[in-house]
Amino acid sequence: MNPYLEYGLRRIGPDHDLYYWSVLQERSAVRWPNGASLAVWVVVSMEWFRFDSPKQPFKVASAPTKEYPDYREWTQRDYGNRIGLFRVMDVLDTFNMNVTAAVNSEVFKHRPFVIEEANRRHWEFIGHGETSSVVFHDGMSAEAERATISQSLATLRTVTGQPVVGWLSPGLSESARTLDLLAEQGIEYVCDWVNDQLPYRIRAGIRPMYAMPFSYELDDVNVITQLHHTPADYARNISDSVSSLSQEAKQNGGRVMCISIHPWFMGQPHRIRYLREACQAITNCDGVWMATGREILEACRHQLGDLPERGRR
Amino acid sequence: MLPEPDRYVYSAITSRPSIQLPDGAKVALWIVSNNEFYELNPPIGGVRRPWPRVQPDVLAYSHRDYGNRVGLWRLISLLDSYGLRASVSLNVALCDHYPETTEACLKRNWEFFAHGVYNTRYLFELTEDDERSVIQDCVDTIYKYTGKAPVGWLSPALTNTERTLDLLPEFGFTYTCDLFHDDQPFPVKVAKGRLISMPYTLDLNDVVVFASYLHTPEYYGQMIRDQFDTLLAEGGESGRIMCISLHPYLIGQPHRLRYLDEALKYILSHSGVWATTGAEIAEWYMAHCYEQVLSAVGAK
């Protein structure tokens, strides 16, 4: 028998033990506060890159790409900390958006002002590693990964005074042990799995943990640099997504939609207008509940309680 | 390798002194024409491979050479029609190959700033002596052909060493276009002398727009107008620099130029625009803002 043609995990359910399989449309309807149909959460990435960014095992989509010394892309990212974030904040403030900030803990060391500005606005903070230049993968030692997670969360919790229960891995990259390490450090929801429109139980050690719907398809950098849509199309994608999901939610129960913003990118003068248009479309839609990740989890955790058991493994 | 560039002090746009452009302008419009020379058979084997295909890469070479034969002349006519000048980002060897391109821009009083010798010769891994000789070559060649030494610098193909910025003031440069962290000029930390960063642009750079973002020419026109609207609205409080960075081989194509034309028409229909050059912006900033900004952001 050719071992290449052996399929050890060919069975009913996923080819891993991380979560159960369950069809979104068949789950019992989730209800949001005040009869809202669609929960929208906005994630703003606050990042710090290493000038000597390792390009192994792969380069993060938003990280600098050129040969060292890459002043070009490093300084373009830092534009977010000096200029772009304040344009983005101005727009989000205008629409009273409830915001979740995914923060590299190195930002505290180098650009503390931007954290103060976010904290002043009562944004929720979620862990995002120490720097977006370093991704989690199986080639990293368990000690190094554990230290990165625990130290970055400790910094975040100390500086912001928040419990910090959410996590987004740099580059949405996990090693096989990341979820267990996150659970160990008190993380209750993780945003690396872009496969659902509702939070769901993800198996991590002994503590309950949830996968929170994150946007990759509505991520500014992805839509514009990878899909090569225009910023105007990006706003249109968001507007279409809001109306389609809110329609679906009215028939089928609550839904979650996420938009993900990088201030160095979306905060460019020619792009900011389209973030405003996207926020306008969200605001114009009936039945939208603007929430942070934690608020969404708190609102539905008890409604999702028995989900894994009803699903199929 | 350094963990961070450490080339400027952190300063949020919301908490720095307001800067006032000359004559109450809100936006300084700075058009850059990259007059470049890419070699047919540059040396290979260094950090970056010059051409995507095997050499000679006739397609990539001739695509760029179109700029010097056709595109630049079209761009010159367009800017002439608005009475606009550009700053030339110059691969200085172009002067030796096609001096007519330099003469035409000189006749129009355009600025020339240094952009290395060839766009296929990178600064990576040069010794200090070699890097100095490249910078000296740029200064000497521009002086020889224009009668003026350059004050602006953009590294060839945006390639640098860790020391490039430190060397520039020694050669009389007052501004660099290699940093992209701001919408205003800003003091750069250098070993000796004074240097400022000039907000050159990646996002409104036609190469980035057409070759990386893959936007259409029509959308490029929209981007320029959107950029202008935002900067004009903000510029009343504190002046903004708006750079439009062009490559004649791209923007000078017959199907693209009209969208630049329409965008320029839009911009110039507003008041509050200072149509200028990098050298003039640098001179104004050094005279009126450099000290004030440095002391306000708490740098030595």
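Here are a few things to note about the model shown:
- Exactly one residue out of B:T230, B:T276 is of a type in the set (S, T, N, Q), within 23 Å of B:D182 (Cβ to Cβ) and under 19 Å from the mean Cα position of the chain (by Cα): that is B:T276.
- Within the stretch B:256-263, not a single residue is within 18 Å of B:F180 (Cα to Cα), within 14 Å of another protein chain (Cβ to nearest Cβ) and either crowded, with 21+ Cβ neighbours inside 10 Å or modelled with pLDDT of 95 or more (or both).
- Residues satisfying the stated conditions in the stretch B:183-203, i.e. at the interface with another protein chain (Cβ under 7 Å from one of its Cβ atoms) and touching a helix residue (DSSP H, G or I) at 6+ places or on another chain (Cβ under 6 Å): B:D183, B:L202
- A:S132, sole failed condition from (1) modelled with pLDDT under 95; (2) surrounded by fewer than 24 Cβ atoms within 10 Å (Cβ to Cβ): (2)
- Scanning the stretch A:57-73 for residues that are more than 7 Å from chain B (Cβ to nearest Cβ) and either free of Cβ contacts under 8 Å to residues at least 40 places away in the same chain or surrounded by 20 or more Cβ atoms within 10 Å (Cβ to Cβ) (or both) yields A:K59, A:V60, A:S62, A:A63, A:P64, A:T65, A:K66, A:D70, A:E73.
- Qualifying positions in the stretch A:38-52 - surrounded by 23 or more Cβ atoms within 10 Å (Cβ to Cβ) and in a loop (DSSP other than H, G, I, E, B): A:E47, A:W48, A:F49
- Count of the stretch A:83-114 residues which are within 13 Å of chain B (Cβ to nearest Cβ) and over 30 Å from A:A147 (Cβ atoms): 9
- Every listed requirement among (1) modelled with pLDDT of 95 or more; (2) closer than 23 Å to B:D178 by Cβ is met by A:A102 save one, (2).
Here is a yes/no grid of residues against (1) assigned to a loop (DSSP other than H, G, I, E, B); (2) more than 17 Å from the chain's Cα centre (by Cα):
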| position | (1), (2) |
| --- | --- |
| A:E67 | yes, yes |
| A:R72 | no, yes |
| A:G80 | no, yes |
| A:T100 | no, no |
| A:V107 | no, yes |
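- Looking across the stretch B:197-242, the residues that are outside any helix (DSSP H, G or I), aliphatic (A, V, I, L, M) and either without any contact (Cβ under 8 Å) to a residue 12 or more places away in the chain or surrounded by fewer than 23 Cβ atoms within 10 Å (Cβ to Cβ) (or both) come down to B:L202, B:L214.
- Selected residue (criterion: farthest from the chain's Cα centre (by Cα)) from residues of the stretch A:221-237 that are aliphatic (A, V, I, L, M) and more than 10 Å from chain B (Cβ to nearest Cβ): A:A235
The values are calculated or read from the model by the stated rules, or taken from the named source; none is laboratory data. Remember, predicted model here, so these are calculated numbers, not experimental data. Using ideal geometry, Cβ is built from the backbone for each residue, glycine included, and neighbour counts are taken over all protein chains shown.
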